[in-house]
Amino acid sequence: MTRKLLQTKEKIISLRKKIFVSFLLFTIIFSGGFYGLSIKNAILHAGTIKSLERESKGLELSISSLNSEYLALKNSITPNVMGERGFVVVPVKQFISKKTLSNVVSFAHEI
């Protein structure tokens, strides 16, 4: 009887050892897989960041090019050019104020 109990006890101990080793092995494999996946994602993100930086530099270059074109066109406008395009110099400047705007609005309602 005691011999059977000792054998059962040894089987239980060996079974616990097997379960513990299996659990450790599973944990190591799972952690390694998760680590590998994290490394893969980090590499992919680094590549994406590099491509976005390149695209950003290209956009900055095109924006600066358009800005320089705008400044060149802006500086080339003179009163002579404006006259050629049909613009005329206004002898008296007129501005809209709140009073004149309210008169226009009330006049529109009467129509």
Does Ser22 count as among the small types (Gly, Ala, Ser), over 26 Å from the mean Cα position of the chain (by Cα) and outside any loop (DSSP other than H, G, I, E, B)?
-> yes
On the given criteria, is Lys9 surrounded by 10 or more Cβ atoms within 10 Å (Cβ to Cβ) and at pLDDT below 95?
-> yes
Pairs, first surrounded by fewer than 10 Cβ atoms within 10 Å (Cβ to Cβ) in segment 23-40, second polar (S, T, N, Q), C-beta under 7 Å, six or more apart = none
Scanning for something out of contact with any Phe, Trp or Tyr (no Cβ under 6 Å at 6 or more places or on another chain) and either aromatic (Phe, Trp, Tyr) or not in a helix (DSSP H, G or I) (or both), does segment 50-70 turn up at least one residue?
-> yes
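The values are calculated or read from the model by the stated rules, or taken from the named source; none is laboratory data. This is a predicted model, so every value here is computed, not measured. So basically every Cβ, Gly included, is an ideal-geometry build from the backbone, and we count neighbours across all protein chains shown.
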